[in-house]
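> The structure follows.
The values are calculated or read from the model by the stated rules, or taken from the named source; none is laboratory data. Remember, predicted model here, so these are calculated numbers, not experimental data. Positions of Cβ are backbone-derived with ideal geometry, glycine not excepted, and every protein chain shown enters the neighbour counts. Heads up: the accessible areas ignore ligands, DNA and RNA and are worked out on the full protein's heavy atoms, side chains in. Shrake-Rupley method; radii C 1.70, N 1.55, O 1.52, S 1.80 Å.
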Amino acid sequence: CRDSVGELHEFGSSWTTDYCYDCSCSREGISCCSSFATPVGYDEEKCVSIFNKETCTYKVVEKRDDSKECPVHQWVA
């Protein structure tokens, strides 16, 4: 299988992309899905979500003071 950046992968192999997607290669092709949950249930006027590519996680913090986390009531995978 050849992925979106042109790298070849053997049948039966799996990997995580630089954008935190878990992918696998089979004779039918490549299959990928997100390995992270996205916050959707928070106060978007007061808060902002920040994605950390190193840990593949989101953190939701106040726009005015990023040391204060905001409550998240819903996540989507």
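> Quick one: how many residues across the stretch 28-51 are assigned to a strand (DSSP E or B), of a type in the set (S, T, Y) and open to solvent by less than 60 Å² (accessible area, probe 1.4 Å)?
Counting residues in the stretch 28-51 that are assigned to a strand (DSSP E or B), of a type in the set (S, T, Y) and open to solvent by less than 60 Å² (accessible area, probe 1.4 Å) gives 3.
> Of everything in the stretch 52-66, what is open to solvent by 90 Å² or more (accessible area, probe 1.4 Å) and more than 22 Å from S34 (Cα to Cα)? Give them in sequence order.
Hits for the stretch 52-66 are K63, R64, D66.
> Condition (residue is touching a residue at least 40 places away in the same chain (Cβ under 8 Å) and out of contact with any Lys or Arg (no Cβ under 6 Å at 6 or more places or on another chain)) applied to the stretch 19-32: is it met by at least one residue?
no
> If I ask for residues that are without any contact (Cβ under 8 Å) to a residue 24 or more places away in the chain, in contact with a strand residue (DSSP E or B) (Cβ under 7 Å, 6 or more places away or on another chain) and part of a strand (DSSP E or B), which ones from the stretch 52-77 would you list?
Across the stretch 52-77, the qualifying residues are N52, Y58, K59, V60, V61, E62, E69.
> A follow-up question, please. For a quick check of your reading of the model, give me the residue pairs whose first member lies in the stretch 1-15 and is assigned to a strand (DSSP E or B), whose second is surrounded by fewer than 10 Cβ atoms within 10 Å (Cβ to Cβ), with beta-carbon atoms closer than 6 Å and at least 6 apart or on different chains.
R2/L8
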